[in-house]
Amino acid sequence: NAPRFQSACFDMVARTVGPAEFKCKGPAQTCRQCRCMSGGRPAGVYRPGAAQFVVEPWAYSLRGWTIEYFRQVLQLSDAEMLMNTSTSPLVEGPGFAREMRECIGMLLSRPNGDLMFPG
């Protein structure tokens with residue numbers, strides 16, 4: 001069973017909830033996704049007082065087996081990647097495999113926090 005919708009919005013005037021679709025997933029989407037893929041905790045990125053999005057550095061280091069696993073995942077077809085890496089493959093958007101490849105590629109090119117956030 002697929003959910004009726006993946007994102008919701010609340011109309012404060014009508015006091016109703018309905019489906020929402022976001023074309024843009026915000027700034028630094030791949031970097032934010034890397035945080036979760038590398039074992040980091042999800043973090044708020046919007047600072048309302050400053051009206052800024054900020055992706056704070058986090059500590060991580062990919063181990064040998066993780067690097068090998070990510071390399072193997074990159075060899076999968078889009079359909080195989082979807083079925084083997086998504087927790088809800090039947091309802092993922094069409095860009096799932098592309099976004100996953102971008103994230104894994106970024107992590108492989110920057111396998112620790114010092115390389116992700118130099119300086």
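The values are calculated or read from the model by the stated rules, or taken from the named source; none is laboratory data. This structure is a prediction, so every number in the text was calculated from the model and none was measured. A quick note on method: Cβ atoms are made from the backbone with ideal geometry, for glycine too, and the neighbour counts reach across all protein chains shown. Side chains are part of the model used for accessible areas, which takes the heavy atoms of the whole protein and leaves out ligands, DNA and RNA. Shrake-Rupley method; radii C 1.70, N 1.55, O 1.52, S 1.80 Å.
Taking the condition of being of a type in the set (S, T, N, Q) and either within 20 Å of residue 119 (Cα to Cα) or touching a Gly at 6+ places or on another chain (Cβ under 8 Å) (or both), how many residues in segment 39-65 meet it? Steps first, answer last, please.
Initial filter on segment 39-65 (of a type in the set (S, T, N, Q)): 52, 61.
Subsequent filtering for residues that are either within 20 Å of residue 119 (Cα to Cα) or touching a Gly at 6+ places or on another chain (Cβ under 8 Å) (or both) retains 61.
Within segment 39-65, residues that are of a type in the set (S, T, N, Q) and either within 20 Å of residue 119 (Cα to Cα) or touching a Gly at 6+ places or on another chain (Cβ under 8 Å) (or both) number 1.
Which one of these does residue 9 not meet: (1) open to solvent by 90 Å² or more (accessible area, probe 1.4 Å); (2) without any contact (Cβ under 8 Å) to a residue 12 or more places away in the chain; (3) touching a Pro at 6+ places or on another chain (Cβ under 9 Å); (4) not β-branched (Val, Ile, Thr)?
Of the numbered conditions (1) open to solvent by 90 Å² or more (accessible area, probe 1.4 Å); (2) without any contact (Cβ under 8 Å) to a residue 12 or more places away in the chain; (3) touching a Pro at 6+ places or on another chain (Cβ under 9 Å); (4) not β-branched (Val, Ile, Thr), the odd one out for residue 9 is (1).
Considering only segment 36-58, state which residues are in contact (Cβ under 8 Å) with a residue 12 or more places away in the chain, closer than 14 Å to residue 107 by Cβ and either of a type in the set (Asp, Glu) or open to solvent by 30 Å² or more (accessible area, probe 1.4 Å) (or both).
37, 39
Could you list, in sequence order, all residues of segment 69-96 that are open to solvent by 60 Å² or more (accessible area, probe 1.4 Å), closer than 18 Å to residue 36 by Cα and either in a helix (DSSP H, G or I) or among the β-branched types (Val, Ile, Thr) (or both)?
Residues satisfying the conditions are 69, 71, 84, 87.
Within segment 16-35, can you find the residues that are open to solvent by 50 Å² or more (accessible area, probe 1.4 Å) and either of a type in the set (Val, Ile, Thr) or in contact with a Gly (Cβ under 6 Å, 6 or more places away or on another chain) (or both)?
Of everything in segment 16-35, those that are open to solvent by 50 Å² or more (accessible area, probe 1.4 Å) and either of a type in the set (Val, Ile, Thr) or in contact with a Gly (Cβ under 6 Å, 6 or more places away or on another chain) (or both) turn out to be 16, 17.
Taking residue 119 and the conditions (1) open to solvent by less than 80 Å² (accessible area, probe 1.4 Å); (2) part of a loop (DSSP other than H, G, I, E, B); (3) of a type in the set (Gly, Ala, Ser); (4) more than 19 Å from residue 32 (Cβ to Cβ), which numbered condition does it fall short on, given that it satisfies the others?
Tallying (1) open to solvent by less than 80 Å² (accessible area, probe 1.4 Å); (2) part of a loop (DSSP other than H, G, I, E, B); (3) of a type in the set (Gly, Ala, Ser); (4) more than 19 Å from residue 32 (Cβ to Cβ), residue 119 fails exactly one: (1).
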